[in-house]
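The block underneath contains the structure these notes are about, expressed in structure tokens.
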Amino acid sequence: MASNESSDGLKPNKRPEKNGAQEPERKCILSGEVRARALLIRLALSPDGEILPDVRAKAPGRGAWISPDGAAFAASLAKGKLKGGLARALKTGDFRIPDDLGQRIADALERNALDRLGLEARGGKLITGSEKLRDAARAGKVHLLLHAADAAEDGCRKLDQAWRVGMDAEGSDMRGLVIPANRTILAEALGRENVVHIAIVDERAAIRVSGAISRWMEFSGSNGTTGPGGNSPLESDDNKL
């Protein structure tokens with residue numbers, strides 16, 4: 001399997017924008033960190049008083065925001081810090097935290113990332129297939145390169161090299177991102193057969209996809225959360241289509 005690391009290439013290290021303006025920021029109730037809300041995870045209070053993940057930030061009513069740090073979340077849950085932060089943010093202590101909330105968040109983030117890939121596929125913003133992908137990469141048309149978890153090392157290496165050529169980054173260690181989903185899962189998400197490698201050929205789509213994937217991988221503790229813009233994941237305007 002290819003390395004999960006990536007570096008130097010696209011450099012859109014800017015805050016997500018929505019309708020031409022910077023997206024609102026929110027504060028993590030656990031760390032106090034302030035980030036664009038597309039880079040955080042929203043927790044919402046359901047009508048029956050249960051705390052549930054709202055990763056697309058669409059649920060009505062009060063909510064609370066946490067950073068996508070799975071280890072910090074687990075520690076705060078165990079120590080009761082999460083309950084206190086939620087009570088302050090929601091202005092009530094009348095709620096229940098499911099025992100499996102962490103797993104529900106991880107599952108929701110995975111589903112959101114795969115759904116995002118499906119949306120971009122239907123919008124014509126990505127390509128699959130090694131030959132087409134290699135040609136697009138060499139032509140400098142690829143903004144984000146993804147590899148399935150079960151992709152062969154040799155295939156990843158060849159496409160990574162084509163991408164470096166197209167991005168005028170030969171000699172660097174720039175490479176595609178290996179994501180924690182195998183080819184079968186990716187094929188189902190995109191509605192295509194045998195999806196091993198994915199190239200995002202639209203810059204805004206690359207930002208959306210990278211944001212969704214980075215939240216998922218960071219929360220689940222996977223390596224390779226950096227995007228091709230450098231040492232930080234591409235920031236996302238995930239709420240835009």
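Derivation of every value follows stated rules applied to the coordinates shown; laboratory data play no part. If you're wondering where the values come from, they're calculated on a predicted model, not measured in any experiment. Because the Cβ atoms are built from the backbone with ideal geometry, glycine has one as well, and the counts that use them run over all protein chains shown.
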Margin query: Using 0.36 nm times the number of residues separating Val165 and Glu193, minus their current alpha carbon distance, what extension gain do you get?
Written below: 7.3 nm
Next item on the list: Starting from region 95-195, pick out the GluC sites (Glu not before Pro) whose DSSP state is loop and whose Cβ has at most 13 other Cβ atoms within 10 Å.
Entry: Glu170, Glu193
Next item on the list: Provide, for region 17-105, the number of lysine pairs with alpha carbons under 26 Å apart, each pair being eight or more places apart or on different chains.
Entry: 13
Check: For region 106-220, what is the convex hull (Cα atoms) projected area averaged across all directions, in square nanometres?
Finding: 6.4 nm²
Item checked: Net length gained if the chain between Lys91 and Ser130 were fully extended (0.36 nm per residue, minus Cα distance) -> 8.8 nm
Checklist line | Total formal charge among the other residues, if their Cβ is under 13 angstrom from that of Lys158, Lys/Arg +1 and Asp/Glu -1 | finding: 0
Notebook entry, point to check: Are there trypsin sites (Lys or Arg not before Pro) in region 70-142 that DSSP puts in a loop and that have at most 13 other Cβ atoms within 10 Å, and which ones?
Noted result: Lys91
Item checked: Built amide H within the under 5 Å cut-off of Leu126, gap 5+ -> Val201
Note to self: Limiting things to C-alpha atoms, what are the Rg and the maximum Cα-Cα separation (Dmax) for region 17-105, in angstroms?
What the structure shows: 12.8, 41
